[in-house]
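Structure first, commentary second.
The values are calculated or read from the model by the stated rules, or taken from the named source; none is laboratory data. Computed from a predicted model, the values in this text were never measured in an experiment. A quick note on method: Cβ atoms are made from the backbone with ideal geometry, for glycine too, and the neighbour counts reach across all protein chains shown.
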Amino acid sequence: MNELLEILTELHEDVDFTTTERLFDGGIIDSFDIVSIIAEVHDRFDVTISAEYIKPENFNSVRALWAVIERLMEE
């Protein structure tokens with residue numbers, strides 16, 4: 001999960017991603033950030049976040065996003 005935190009911190013270094021639970025719904029990250037996150041996740045974890053996983057609830061917290069990444073790595 002530390003590598004995911006690095007990705008997020010590169011986008012917004014002033015956000016505490018470990019405690020924030022409304023990243024997308026709260027306007028901290030936007031659709032452009034999600035595109036960047038998806039690309040970085042692909043590069044670093046060799047997983048593709050498909051359209052079925054691109055939902056606000058999967059991008060509202062680092063834990064939710066990490067759960068998606070773990071699920072995809074298991075497939």
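Scan the range 3-45 for residues that are without any contact (Cβ under 8 Å) to a residue 24 or more places away in the chain and within 18 Å of residue 72 (Cβ to Cβ) and jot them down.
Those that are without any contact (Cβ under 8 Å) to a residue 24 or more places away in the chain and within 18 Å of residue 72 (Cβ to Cβ): 35, 38, 39, 42, 43.
In the list 18, 9, which residue meets the criterion of being closer than 18 Å to residue 67 by Cβ and not aromatic (Phe, Trp, Tyr)? Don't jump to the end; show me each part of the working.
Values: 9 fails: closer than 18 Å to residue 67 by Cβ.
It is 18.
Could you list all residues from the range 50-67 that are of a type in the set (Lys, Arg) and either in a loop (DSSP other than H, G, I, E, B) or at positive phi (or both)?
55
Has the range 37-49 got at least one residue that is of a type in the set (Gly, Ala, Ser), in a loop (DSSP other than H, G, I, E, B) and surrounded by 12 or more Cβ atoms within 10 Å (Cβ to Cβ)?
Here is the first cut: in the range 37-49, the residues of a type in the set (Gly, Ala, Ser) are 39.
Among the residues that remain, those that are also in a loop (DSSP other than H, G, I, E, B) are: none.
Scanning the range 37-49 turns up no residue that is of a type in the set (Gly, Ala, Ser), in a loop (DSSP other than H, G, I, E, B) and surrounded by 12 or more Cβ atoms within 10 Å (Cβ to Cβ).
Mind telling me which of the residues 30, 14, 25, 46 ends up being modelled with pLDDT of 95 or more and at positive phi? Walk me through it before giving the result.
Numbers: 30 fails: at positive phi; 14 fails: at positive phi; 25 fails: at positive phi.
Checking each option against the conditions leaves just 46.
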